[in-house]
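The values are calculated or read from the model by the stated rules, or taken from the named source; none is laboratory data. Values in this document were obtained by computation on a predicted structure and should not be read as measured data. Don't worry about glycine lacking a Cβ; one is built from the backbone with ideal geometry, like all the others, and counts go over all protein chains shown.
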Amino acid sequence: MSLSCRVFESSVYKLPVPPRVEYELTDVGYSLSFVLTSLSEWGEIINSFNRLNHLMAKPFYNKRYNTYYQ
């Protein structure tokens with residue numbers, strides 16, 4: 001992959017112990033912010049939908065362990 005296609009750059013600092021790495025978005029990375037924000041919002045919608053389905057689910061009875069599961 002060429003340097004111009006990278007989404008972020010990393011800087012490695014080896015002198016302080018333990019070593020640390022800092023990451024920074026490139027121009028390509030900043031150009032993806034709209035896409036990533038939209039994807040994050042979609043994930044929140046799906047997450048709340050899944051939580052709602054979980055709350056509305058009927059309990060399941062396991063005869064083997066004599067236990068109810070939600």
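Before moving on, here are some points about what is shown:
- Considering E22, E41, E9, the condition of being touching a strand residue (DSSP E or B) at 6+ places or on another chain (Cβ under 8 Å), outside any loop (DSSP other than H, G, I, E, B) and modelled with pLDDT of 90 or more is satisfied by E22 alone.
- Within the range 51-67, the set of residues being in a helix (DSSP H, G or I) and surrounded by 10 or more Cβ atoms within 10 Å (Cβ to Cβ) comprises R51, L52.
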